Amino acid sequence: MLGSIDLPDCVYSKEPIFISPISPTPNHTLYLSNLDDQLFLRFSIKYLYLFTKSINLEKLKYSLSRVLVDYYPLAGRLLKCPENNHKLQVDCNGKGAIFAEAFLDLSADELLVVSNKPNKSWRKLLYKDETQSFLDIPPLVVQVTNLRCGGMILCTAINHCICDGIGTAQFLHAWAHYTVDPTVSLSIKPFHSRHVLKPRDPTQTTSIHPAFTKIPLDDPNPQFDLNLHQYLQSQPVTPTSITFSQSQILHLKRQCSPSVKSTSFEVLASHTWRCWVKSLDLPSSVNVKLLFSVNIRKTVKPELPQGYYGNGFVLGCAEAPVKQVVNGNLQDTVKLVQHAKSELTNDTVKSIVDLLEDKTVKTDLSTSLVISQWSRLSLEEVNFGEGKPIQMGPLTSDIYCLFLPSLGEIDGIRVLVSVPENVVKKFEYYMKELWEVNDVNGDIIKGHLQYENQKMISA
């Protein structure tokens, strides 16, 4: 069993190769919507899959070349629009995806023990393109790492400007489908065009949505009174991973009922935000935000077509002063989240698309916790023919919070987020303390008293 979560180096037996579409594909430039190419999404979504059985590499390469015929923009390259230096588009040139092969001297069981809290050393499980520019990195990078005793890790980096979470899941399922049977066509065909989310002419923006702020183009790092995001990025952070079972989520919901009925996401996002704010000991008057992705495929009119794999989400934004988040109860925070969701109507989404035509507008991360929900995307169901993964998640943990599927736990959700080293225990305590609240009289049992005693002794 591993004594440390730092991984050894991968051994590469050969140079990475490019996998291009197996047959000719359209050669044109693909317009990206304002939801696609916003500054906030100029990175790659990095997935890690852990399998107990390896998959034939030649089979994986062939099926990848096959699926890139359908998803040909992922075989292209991002570039700036000639008429607008701040706008991106995809050159669908068929250059291909990077495919790397490696070996790691660990077993799948050893990796599973520590995989809930991936640190920066896990980045070596994905081949790093040495190109300097984000635009020069191929939209799709794949590394297959074979393990001792026959297991396998599959890591992918998929450019977020081309796909959102739903789109990446759609692509990965399509790749797995062709790996199992390359002769059967896809049941859901990818819809490429992004013109369905073009801004109006003239644009009709009524106000700045609370998830955004405005900055001068020549000042990419403006100073705020408190920039919590910059502070967290500058600190040594430690991954925290807390799994909530279905019964524990139901327990959280009971804290809000009968006056407020909530979804699992609403109550768990509210609880996580409150614990995060409370653990950071922020000034009580500071306004904090919770940003979370909301699927708008069926919100916009007309609805986005089936198979749309571009960015079909906007950020909901709940906001309140620290003192309200910390001192209020859970149901009050849930109401803030529900209100933020209810604000995202068809008109609001179109207004956001218009707003993002102004490239001085950016996502306001200064005092925000960002939550992305991966637990309802069926990412854990991807099967290349040798069984479903025993673990899936991000390549590394970050200060952005992820809600992940808890494999083996029906309707369970794993909350993964990195926080400063000095607040880990406090954050984990707050996240778990409601499990130990007596439903009858609200008294917190022995664990809370022990925690308070420890604080008094250390003080």
Q. Among LEU78, LEU39, LEU7, LEU2, which is the only one that is modelled with pLDDT of 95 or more and aliphatic (A, V, I, L, M)?
A. LEU78
Q: Report the residue count in segment 223-272 for those that are farther than 16 Å from GLN373 by Cβ, open to solvent by less than 10 Å² (accessible area, probe 1.4 Å) and hydroxyl-bearing (Ser, Thr, Tyr).
A: 1
Q: Could you list all residues from segment 39-60 that are over 23 Å from the mean Cα position of the chain (by Cα) and open to solvent by less than 60 Å² (accessible area, probe 1.4 Å)?
A: SER54, ILE55, LEU57, LEU60
Q | Selection status of VAL294, in a helix (DSSP H, G or I) and open to solvent by 20 Å² or more (accessible area, probe 1.4 Å) | A | no
**Q.** Identity of the residue in segment 356-401, over 15 Å from the mean Cα position of the chain (by Cα) and on the phi > 0 side of the Ramachandran plot, that ends up surrounded by the fewest Cβ atoms within 10 Å (Cβ to Cβ)
**A.** GLY387
Q: For segment 115-135, state whether one or more residues are assigned to a strand (DSSP E or B) and either hydroxyl-bearing (Ser, Thr, Tyr) or within 19 Å of PHE171 (Cβ to Cβ) (or both).
A: no
Q. How many residues are part of a helix (DSSP H, G or I) and not small (Gly, Ala, Ser) if we restrict to segment 136-184?
A. 12
**Q.** Selection within segment 124-141 - of a type in the set (D, E, K, R), under 14 Å from ILE17 (Cα atoms) and within 20 Å of the chain's Cα centre (by Cα)
**A.** LYS128
Q | Within segment 405-459, considering residues that are β-branched (Val, Ile, Thr) and at pLDDT 85 or above, the one most open to solvent (accessible area, probe 1.4 Å) | A | ILE410
(Q) Between a residue in segment 333-346 that is open to solvent by less than 40 Å² (accessible area, probe 1.4 Å) and at pLDDT 95 or above and any residue that is among the charged types (D, E, K, R) and in a helix (DSSP H, G or I), which pairs come within a Cβ distance under 6 Å, given they are 6 or more apart or on different chains? (A) THR333/ARG274; VAL334/GLU266; VAL337/GLU266
(Q) Would you confirm whether or not segment 3-25 contains a residue that is under 28 Å from TRP122 (Cβ atoms), in a helix (DSSP H, G or I) and basic (Lys, Arg)? (A) no
Q.
Looking only at segment 270-285, filter to residues that are touching a Ser or Thr at 6+ places or on another chain (Cβ under 9 Å) and modelled with pLDDT of 95 or more; which one of those is nearest to SER44 (Cα to Cα)?
A. TRP273
(Q) Take the conditions at pLDDT below 95 and buried (at least 18 other Cβ atoms within 10 Å of the Cβ) and apply them to VAL353. Does it pass? (A) no
Q) Hey, any hits in segment 61-69 for a residue that's open to solvent by 40 Å² or more (accessible area, probe 1.4 Å), assigned to a helix (DSSP H, G or I), at pLDDT 95 or above and out of contact with any His (no Cβ under 8 Å at 6 or more places or on another chain)? A) yes
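The values are calculated or read from the model by the stated rules, or taken from the named source; none is laboratory data. Keep in mind the model is a prediction, meaning the values are calculated, not measured. Cβ coordinates were reconstructed from backbone atoms using ideal geometry, including for glycine residues, and neighbour counts include every protein chain displayed. Accessible surface is based on the protein model in full, side chains and every heavy atom, while ligands, DNA and RNA are left aside. Shrake-Rupley method; radii C 1.70, N 1.55, O 1.52, S 1.80 Å.
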